[in-house]
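The structure appears right after this line, and notes come after that.
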Amino acid sequence: MTSSGDVEVDVEYGGESSFMGISVQGIIDAVRRNWLIILIILGVALAGGVVATLLMSPKYISEAQVLIEDEADQIVEGSELRSNSDSGPDTGRFLQTQIDIITSRSLAKRTVQNANFAGDARFFDAFHEKMPEIGDSGVSNEKDLQQARLNLATDLVMGSLRVDLPQNSRVVQVQSETGSPVYSARVANETANTFIQNNLNRKFDSSSYARQFLSDQLEEARANVAQSEHDLNGYSRTAGLIRVEGQSSDGSDGSISITSNALVQANNDLGVAASNRIAAQDNWETIAKEPVLSVPQVISNGAVQNLMQQKAELQAKLADERTRHLSDYPSVNSLRSQIAELDKRIQSLGNSIKRTVYLEYQAAKEKEDSLKARVSELQGDALSEQDRRVQYNLLQRVADTNKAQYNALLERYNQLSASAGATSNNISLVDSAEPAAIPSSPKLIYNMVVSLFLGLVVAGLVVYLRELFDDAIKVPSDVEAKLGLPMLGLIPRHPDEERGEIISAPPRMIAEAYHTLSTNLSYATAQGVPRTIAVTSTSESEGKTTTSHLLARDIARLGKSVLLVDLDLRRPRLHQLEGASAKPGVTDLLIGKIGLEDALFPSDQPNLTVMTALPIPPDPTVLLGSERMGALIEDLKGRFDTVIFDCPPMLGLADTISIAPHVEGVLFVVDASSFHRGAVKSALRRLRLVKGRVLGVVLCKYDPAGGGKEAQYYGYNYYSYGESAGG
């Protein structure tokens, strides 16, 4: 996390590491590091596969194929061969039910009984099982022996069966696997045949029971029909009811009486008469008060129209005569007389027509009244007869019900009788099982592939666990992955173990590594290299003193004033490296025996000043945790550009914990050759408790030869750059 002014590493100390992340190169490097273990595991797995194959007993699989249709083809009387097989929604459930029947214990038991497997010693040998004998556990007599053999043989048959139904097919594959090719075929065939026969027996038993049941019901129904017909005829004779076959008044086919038929007819005639009367009455009431010449029937009469035409002609002549003669002229009077005569004739004829309409109305009314009387008379007779027909109808319903029941039973019985001998099995054998020529197992290639796969899984798990719990730093990226801290410097291992020689004349590779460290520290804060740096490690001999010394020299070469302070008051080394064995230092300064100027002495490196830890105090923790130590650090910060403190190791000591809160940053040195993640995480956790700021990690004594391509890049390609060119 970066803020204005300085850089802060926001790290969860002790965070869980991942297994090589998702780096393919990391996986390759892990395989390369563990190749011997992987080869051993794969070799053991393959050898185990070969041994298992040799020890396994050969087994043989035989397969019989059975066709299962939904229903059997049926021959029904009066029709051709008819198939009831369809592809309804329940077909899948039906086929699964048949498969469950094949694999059921009851069918396996019947198969054993049909084939007498329980008494066949070779059958048990095919399964590598001992045939039960008297004296075995739970077998004390012949009855127990037979039951034990039957139960064991049933279990063996069930265990050897495998039933498969290919998708979109009705052909079921019945497979059996045993140690004998002959018995594999026998078990498959016997199971298929038993299943087919069992299906036929179930159909026959069901049909036989149904026909017997229907036969008994038919006899009872026939007696009921005869009795009900006899009761109906007897009551009809007693009540004087005459039945006529036809359509009843409610429109349904059935038996009706003569009285009811006459009432229906009379009622129909009454309806027609009423309609005619209403029509005649409407005609009469329409013209009753109208003038004769306004009646439509009169106007439309041909004779009246002829007289009206003659009258019109005479009126025309009369008008002509009046234009030439006076009103009393003889010809005028003659025309008037003729017109008057025509009016009388028209009036008389119109009255006759009007009278005819009235008479028609009277005739229709009289006919309606007559029919009303007839209907009323027939209704009385019908009501009387209806009272007698209540019991008759009850008896007739009983007779009709018995007759319908008898006809239904007879039809069903005829169908069963016709199809009983013509129904074929809806399950048939397609292919019989044949003894297998070669064993189905064991298969060497298959076992080798499985063994190789299991070996790879085990090898991968072993490598994973080794890498997960391996504390070694193999590649530089492991620092951030396992510690969650940035790596500021990578110091390769050098064959020269004398630290003094390395410090006084560091090899090119070592020098370049510390140049990189000082450069990285210049970006640790916004002001560059931190003013005060504490260098520590988890335990001793990890390279913190060498790192402190070479880092101080490298920063001093940049022209900055640097003070190197030895705070390892328990095992100080700086005075030996700088040749100042008699020079007082931090201890005398903190107890007030000497002043600050007396504790400082210059090094052979320009701009570098050194302060030893001498003399060794009896209780270093008290001195380092005192207020004078904090004041001393603040004083030194004002005198030098950079102050580097060579602190004691963290493990088991509280010295560095006292110093960490007073410095701007802590540089943590880790020995790559003896890295222990738990100890390092514990030390970092202690620094976090006192709010010490860890700048990063310096990885010392790193051997790039065992870390793969990434390590080789850091170890050889980078740090040796320039040496090959002579530079």
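The values are calculated or read from the model by the stated rules, or taken from the named source; none is laboratory data. Nothing here was measured: the structure is a model prediction, and the numbers come from that model. Glycine gets a Cβ as well: all are built from the backbone with ideal geometry, and neighbour counts include every protein chain shown. Note: areas computed on protein heavy atoms with side chains; ligands, DNA, RNA excluded. Shrake-Rupley method; radii C 1.70, N 1.55, O 1.52, S 1.80 Å.
What the table below lists for this structure:
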{"read-out": "Value of relative contact order over the stretch 88-149, rounded to a whole percent, pairs C-alpha under 8 Å and six or more apart", "value": "19 percent"}
{"read-out": "In nm, spacing of pseudo-spin labels at Arg355 and Glu133 (7 Å Cα→C-beta vector)", "value": "13.8 nm"}
{"read-out": "Ile491 accessible area, 1.4 Å probe, all protein chains in place, Å² to nearest 10", "value": "10 Å²"}
{"read-out": "The stretch 515-580 - percent relative contact order, Cα under 8 Å, separation 6 or more", "value": "22 percent"}
{"read-out": "Leu651 paired with Lys443, simple spin-label distance in nm, labels 7 Å along Cα-to-beta-carbon", "value": "5.6 nm"}
{"read-out": "Estimated vicinal HN-Hα couplings, Hz - the stretch 313-324 in sequence order (Karplus 6.51, -1.76, 1.60; Gly, Pro = x)", "value": "5, 5, 5, 5, 5, 4, 5, 5, 5, 5, 6, 10"}
{"read-out": "Segment Val690-Leu383, extension gain: residue separation times 0.36 nm, minus the distance between their alpha carbons", "value": "98.6 nm"}
{"read-out": "FRET efficiency for Ser275 and Ala312, using Cβ-Cβ distance with R0 set to 45 Å, rounded to 0.05", "value": "0.65"}
{"read-out": "Residues Lys344 and Asp369, FRET efficiency given R0 of 30 Å [Cβ-Cβ distance, rounded to 0.05]", "value": "0.20"}
{"read-out": "Loop-located trypsin sites (Lys or Arg not before Pro) in the stretch 97-171, at most 14 other Cβ atoms within 10 Å (DSSP)", "value": "Lys130"}
{"read-out": "Shape of the stretch 561-606, Cα gyration tensor, a/c cut at 1.5", "value": "oblate"}
{"read-out": "Value of relative contact order over the stretch 525-627, rounded to a whole percent, pairs C-alpha under 8 Å and six or more apart", "value": "29 percent"}
{"read-out": "Those residues of the stretch 478-493 whose amide nitrogen sits under 18 Å from the label point placed on Leu558, 7 Å along Cα→Cβ", "value": "487-491"}
{"read-out": "Potential extension, Asp216-His494 segment - 0.36 nm per residue separation minus Cα distance", "value": "88.9 nm"}
{"read-out": "Point-to-point label distance, Ala303-His676, nm (Cα→Cβ direction, 7 Å offset)", "value": "15.2 nm"}
{"read-out": "Added length on full extension, which subtracts the Cα-Cα distance from 0.36 nm per residue, Ile99 to Leu293", "value": "59.8 nm"}
{"read-out": "Label-zone membership for the stretch 372-393, site Gln265, 7 angstrom Cα→C-beta point, backbone N under 20 Å", "value": "372-386"}
{"read-out": "Among the listed pairs Lys109/Lys203; Lys130/Lys203; Lys544/Lys691; Lys593/Lys681; Lys143/Lys443; Lys637/Lys681, those beyond 31 Å (Cα-Cα)", "value": "Lys130/Lys203; Lys593/Lys681; Lys143/Lys443"}
{"read-out": "Integer Hz, Karplus 6.51/-1.76/1.60 couplings in order for the stretch 174-182, x for Gly and Pro", "value": "9, 10, 9, 10, 9, x, 10, x, 5"}
{"read-out": "Signed unit charges on C-beta, dipole axis of the stretch 323-396, positive-most listed residue Ile346, Tyr392, Tyr358", "value": "Ile346"}
